[in-house]
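Colleague: Got a structure for you, written out below as structure tokens; questions coming shortly.
Throughout, read-outs are computed from the coordinates displayed, never taken from laboratory work. Note that the structure is predicted; figures quoted are calculated from it, not measured. Cβ atoms come from the backbone with ideal geometry, glycine included; neighbour counts cover every protein chain shown.
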């Protein structure tokens with residue numbers, strides 16, 4: 001793969017070199033008097049080494065393939081280590097707890113780790129870096145993806161992979177029943193009811209039903225009714241708006257979902273849809289190939305993509321950065337670390353990674369014809385529409401995200417099982433508030 005990054009390299013490295021030289025001037029040495037040659041100026045990181053940790057993720061794989069070009073243009077040697085997601089989280093936690101200066105740069109999940117890592121002093125704020133090079137054009141990143149990477153007003157990571165909550169549907173089933181694509185929650189409930197045909201193994205709706213896994217998915221249902229997990233330090237799982245959103249989700253799975261839904265995360269749920277056994281499937285756009293790949297799906301040519309249905313508060317799906325790239329606060333060479341981050345998230349490189357099917361966070365890349373070649377046209381249009389708004393988080397914004405997910409997921413599981421959702425929400429709200437108060441030291 002040939003990647004033309006010279007325009008990035010010249011502007012970015014000039015900005016970095018200028019910053020370094022200005023810092024050196026404080027000691028009385030004039031820029032250039034130390035003997036920096038033209039070659040050294042072209043490769044200011046000649047001989048330096050950088051440690052990178054990535055997740056076993058298609059974006060990480062794509063970046064690894066491109067790194068030799070970065071090394072050639074900067075003179076830097078980059079050591080890349082890749083891990084499964086859970087292993088990556090464990091490794092970063094262990095190394096940062098011990099005060100390690102490596103890895104210098106790493107992939108991370110903002111919703112899972114940003115708050116915890118930043119509060120522990122492990123993330124280097126990047127606000128001063130993003131404006132060094134005008135050609136980097138930080139304003140080009142979608143606002144929601146950037147917001148996902150902020151903690152207490154500080155930019156702690158750069159978004160690399162975005163996810164939006166959308167509605168998948170069977171075109172053929174809707175056409176046969178003469179039904180329009182649902183635009184509201186009420187229309188979705190009615191369409192799922194009409195198309196639900198368990199006798200012929202066709203179910204109205206498929207989605208995640210596992211306790212922890214479903215929490216991110218109910219968020220959009222809650223937001224679209226005006227609900228939330230918490231506001232101003234107060235749990236509001238028991239608010240009428242939050243309960244209405246969760247109840248819609250629970251109703252869809254209880255009354256029109258496939259058997260065994262309580263044990264389904266996204267691979268199982270999209271598997272049901274891909275095998276033609278569900279009329280609707282709601283989840284993130286980034287997993288579409290699991291249904292659209294003819295080798296995995298029996299309905300690859302019958303899949304439609306739609307904007308998330310509106311509730312009383314309109315269509316308010318989550319629009320997040322599911323992965324970002326961040327800098328170790330103890331990195332021994334922060335300029336070199338930023339040079340890699342800037343390169344990896346530049347317009348040129350994000351275009352290359354997006355062409356391989358990695359949904360990025362730069363608006364200009366989505367607006368480019370080349371930027372959408374890996375996606376069905378309808379999916380690209382829905383993604384671009386959803387990126388204009390939405391909510392910047394799909395999980396409760398606390399440190400103990402895993403514990404919070406278990407508490408909240410219980411509400412919906414109990415409702416799917418036929419229990420009273422109000423009672424379940426009241427109990428969970430008390431438990432969630434106790435968690436919030438504990439983190440606040442109350």
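Colleague: Express in nm, to one decimal, how much length is gained between residue 112 and residue 131 on full extension, taking 0.36 nm for each residue of separation and deducting their alpha carbon distance. Present the calculation step by step, with values, prior to reporting the outcome.
Modeller: On the way: separation 19, 0.36 × 19 = 6.84 nm, distance 2.66 nm.
Stretched fully, the residue 112-residue 131 segment lengthens by 4.2 nm.
Colleague: Using only Cα atoms and rounding to the nearest 10 degrees, what angle (0 to 90) does helix 240-256 make with the longest principal axis of the chain?
Modeller: Helix 240-256 sits at roughly 70 degrees to that axis.
Colleague: For every helix of n ≥ 4 consecutive DSSP H residues, a contribution of -39,500 (n - 2.57) applies; sum these over the chain, divide by its total residues, and give [θ] at 222 nm rounded to the nearest 500 deg cm²/dmol. Each step should come with its number before you reach the end.
Modeller: Details: 19 runs with 195 residues, N = 442.
Helices in the chain give a 222 nm mean residue ellipticity of -13000 deg cm²/dmol.
Colleague: Quick one: grab the alpha carbon gyration tensor of region 250-404, order the square roots of its eigenvalues as a ≥ b ≥ c, and give me rounded if a/c is under 1.5, else prolate or oblate depending on whether a/b is larger than b/c. It would help to have the intermediate numbers written out before the result.
Modeller: Values: a/c = 1.94, a/b = 1.46, b/c = 1.33.
Verdict is prolate for region 250-404.
Colleague: What residue among 271, 60, 99 has the largest mean-square fluctuation in a Gaussian network model of the chain, using Cα springs under 10 Å?
Modeller: In the Gaussian network model the winner is 99.
Colleague: Quick one: Cα centre-to-centre distance for region 94-130 and region 136-150, in angstrom?
Modeller: What the calculation gives is 18 Å, centre to centre.
Colleague: GNM, the chain, Cα, under 10 Å: largest mean-square fluctuation among 309, 110, 198?
Modeller: 198
Colleague: With the crude spin-label approximation of a point 7 Å out along Cα→Cβ, what separation in nm comes out for residue 199 versus residue 177?
Modeller: 1.5 nm
Colleague: Next up: Could you state the angle between the C-alpha long axis of helix 377-386 and the longest principal axis of the C-alpha atoms of the chain, as a value from 0 to 90 degrees rounded to the nearest 10?
Modeller: 80 degrees
Colleague: Please figure out what share of the DSSP beta bridges in the chain is antiparallel and state it in percent, rounded to the nearest 5. Please list the in-between numbers first.
Modeller: Values: 28 of 42 bridges.
About 65 percent, rounded to the nearest 5.
Colleague: Computed FRET efficiency, Cβ-Cβ of residue 42 and residue 139, R0 22 Å: what is it to the nearest 0.05? Walk me through the numbers before you get to the answer.
Modeller: Values: r = 28 Å, r/R0 = 1.28.
Efficiency computed from Cβ-Cβ geometry: 0.20.
Colleague: For helix 85-97, what angle does its Cα long axis make with the longest principal axis of the chain, in degrees from 0 to 90 and rounded to 10?
Modeller: The answer is roughly 50 degrees.
Colleague: Round to the nearest 0.05 the FRET efficiency obtained for residue 86 and residue 287 when R0 = 25 Å and r is the Cβ-Cβ distance.
Modeller: Numbers: r = 18 Å, r/R0 = 0.74.
Approximately 0.85, to the nearest 0.05.
Colleague: Taking the convex hull of the Cα atoms, report for region 118-240 its projected area averaged over all directions, in nm². Please list the in-between numbers first.
Modeller: Details: hull surface 48.2 nm².
With every direction weighted equally, the projected area is 12.1 nm².
Colleague: In whole Å, what is the distance between the alpha-carbon centres of region 168-205 and region 283-322?
Modeller: 15 Å
Colleague: Which residue fluctuates most in the GNM of the chain (Cα springs below 10 Å): 177, 278, 235?
Modeller: Its mean-square fluctuation being the largest, the pick is 177.
Colleague: How big is the Cα convex hull of region 287-336 in projection, averaged over all directions, in nm²? The partial results should precede the final answer.
Modeller: Working: hull surface 30.2 nm².
Averaged projected hull area, Cα only: 7.5 nm².
Colleague: Also, I was wondering about something else. Using all alpha carbons of region 362-442, what is the percent of pairwise distances in each 5 Å bin, ordered from the shortest bin to the longest?
Modeller: 3, 13, 16, 12, 10, 9, 11, 12, 9, 4, 0
Colleague: Something else about it: Relative to the present Cα-Cα distance, how much length would full extension add between residue 381 and residue 368 at 0.36 nm per residue of separation?
Modeller: On the way: separation 13, 0.36 × 13 = 4.68 nm, distance 1.22 nm.
This chain segment gains 3.5 nm when fully extended.
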